[in-house]
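Chemist: I have a structure I would like to understand better, so I am pasting it below and will then ask my questions one at a time.
The values are calculated or read from the model by the stated rules, or taken from the named source; none is laboratory data. These numbers were taken from a predicted model, which means no experiment stands behind them. Please note: Cβ atoms are built from the backbone with ideal geometry, for glycine as well, and neighbour counts cover all protein chains shown.
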């Protein structure tokens, strides 16, 4: 399902409007990677979930269009970019911390994040 | 993108594993509706986001398979069901509260939920 970033919000509901931006299987995985210090396309590809290059390209573009990430060039030939979370993107940390609490409680086979992640403030 | 409920988790990451269950545009909208008292198929169809019957059918089945909802019959001919959150499904309330905080802060055109929702405990 494509991320619904170009259409009008489905409603004024804050939950539905958020899902218009990040209601897919990958966007919050990329946010996680950025929160833990990854910045480059090749680093995101390296994560254990094995995102494909076309999905990663698509999601990074959507995240930039939606104000969640900024990209800056770090190399000119060929041009390559680093991606970092904006304040809006960083603000998703408390959402992800609650997701981890829920997941660790109800799916106990999942990894327990380090305290440095769970106690981090933005 | 179909909900990845039948495959193995993509990784042990609690975020990725959660998105395997509810990383789509609709599942958390249905959880929201159930948290605010809706139980019946026709009530979910009535929500302002106008979910289609086939997506709703698909999502309710996935949510049941994933242990987020239980269904019980309330009518025999034709057989009709009511859907309610399990403890696992109810446990998503803090995630949704953080989503609302983030959304209201960064997308100020979104509705502000009533205190009864934002302060509710599970």
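Chemist: Is it true that residue A:71 is free of Cβ contacts under 8 Å to residues at least 60 places away in the same chain, loosely packed, with under 15 Cβ neighbours inside 10 Å and away from every other protein chain (no Cβ under 12 Å)?
Modeler: Details: free of Cβ contacts under 8 Å to residues at least 60 places away in the same chain: yes; loosely packed, with under 15 Cβ neighbours inside 10 Å: no; away from every other protein chain (no Cβ under 12 Å): yes.
Spelling it out, it is not the case that residue A:71 is free of Cβ contacts under 8 Å to residues at least 60 places away in the same chain, loosely packed, with under 15 Cβ neighbours inside 10 Å and away from every other protein chain (no Cβ under 12 Å).
Chemist: Here's another thing I want to ask about it. In the set A:30, A:55, A:51, which member is within 11 Å of chain B (Cβ to nearest Cβ) and either surrounded by fewer than 15 Cβ atoms within 10 Å (Cβ to Cβ) or over 30 Å from residue B:67 (Cα atoms) (or both)?
Modeler: Values: A:30 fails: either surrounded by fewer than 15 Cβ atoms within 10 Å (Cβ to Cβ) or over 30 Å from residue B:67 (Cα atoms) (or both); A:51 fails: either surrounded by fewer than 15 Cβ atoms within 10 Å (Cβ to Cβ) or over 30 Å from residue B:67 (Cα atoms) (or both).
Just one listed residue meets the conditions, A:55.
Chemist: Quick one: in segment A:37-48, of everything that is touching a helix residue (DSSP H, G or I) at 6+ places or on another chain (Cβ under 7 Å) and part of a loop (DSSP other than H, G, I, E, B), which residue is nearest to the other protein chains (Cβ to nearest Cβ)?
Modeler: A:47
Chemist: Taking the criterion of being out of contact with any strand residue (DSSP E or B) (no Cβ under 8 Å at 6 or more places or on another chain) and at pLDDT below 95, would at least one residue in segment A:58-76 satisfy it?
Modeler: Here is the first cut: in segment A:58-76, the residues out of contact with any strand residue (DSSP E or B) (no Cβ under 8 Å at 6 or more places or on another chain) are A:58-59, A:61-62, A:65-67, A:75-76.
If we keep only those that are at pLDDT below 95 too, we end up with A:75-76.
Yes; the residues of segment A:58-76 include at least one that is out of contact with any strand residue (DSSP E or B) (no Cβ under 8 Å at 6 or more places or on another chain) and at pLDDT below 95.
Chemist: If you don't mind, another one. State the number of residues belonging to segment A:74-122 that are more than 12 Å from every other protein chain (Cβ to nearest Cβ) and more than 27 Å from residue A:41 (Cβ to Cβ).
Modeler: So the count comes out to 3.
Chemist: When you go through B:120, B:101 one by one, which is the residue that is assigned to a loop (DSSP other than H, G, I, E, B) and at negative phi? Please lay out each step first, then the result.
Modeler: Numbers: B:101 fails: assigned to a loop (DSSP other than H, G, I, E, B).
Among B:120, B:101, only B:120 is assigned to a loop (DSSP other than H, G, I, E, B) and at negative phi.
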